[in-house]
Amino acid sequence: MTTMLLARMLQGYIREAPGNEGSVEFVENHDDICMAKPLMATDKPGLPLYMYPTY
C-alpha cells in the first residue's frame, strides 16, 4: 500500500528545478554518501485544477 501511495504522489505532480537553476546536478560529496548540493525542486499539480476535489 505504501508503494502505491508513493507512486501516486510521484505521478500526480510535475517536478522541475527552481527558476534560478537550469538543471539538477547529481554530484556526490567526497566525505560521505550525501549529495554535495541539496536537491531542490518545485511541484505543480499534474492534472487540470478542475479535476481536484474542493471541500
* Would you confirm whether any residue within the range 39-52 is modelled with pLDDT of 80 or more, of a type in the set (Ser, Thr, Tyr) and over 13 Å from the mean Cα position of the chain (by Cα)? => yes
* Please go through the range 22-45 and pick out each residue that is within 26 Å of Arg8 (Cα to Cα), part of a loop (DSSP other than H, G, I, E, B) and among the charged types (D, E, K, R). => Glu25
* **Every pair of residues 6+ apart whose Cβ atoms lie under 9 Å, when the first sits in the range 1-23 and is more than 22 Å from Pro48 (Cα to Cα) while the second is at pLDDT 75 or above and surrounded by 10 or more Cβ atoms within 10 Å (Cβ to Cβ)** => Glu21/Met40; Ser23/Ala17
* List every residue pair whose Cβ atoms sit under 9 Å apart, with the two residues 6 or more apart in sequence or on different chains, where the first one lies in the range 27-42 and is touching a residue at least 12 places away in the same chain (Cβ under 8 Å) and hydrophobic (A, V, I, L, M, F, W, C) and the second, anywhere, is part of a strand (DSSP E or B) and surrounded by 10 or more Cβ atoms within 10 Å (Cβ to Cβ). => Ala41/Arg15; Ala41/Glu16
* Of all residues in the range 46-55 being part of a loop (DSSP other than H, G, I, E, B) and among the hydroxyl-bearing types (Ser, Thr, Tyr), the one that is surrounded by the most Cβ atoms within 10 Å (Cβ to Cβ) -> Tyr52
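The values are calculated or read from the model by the stated rules, or taken from the named source; none is laboratory data. Note that the coordinates shown come from a computational prediction; the quantities given were computed from them, not determined experimentally. Don't worry about glycine lacking a Cβ; one is built from the backbone with ideal geometry, like all the others, and counts go over all protein chains shown.
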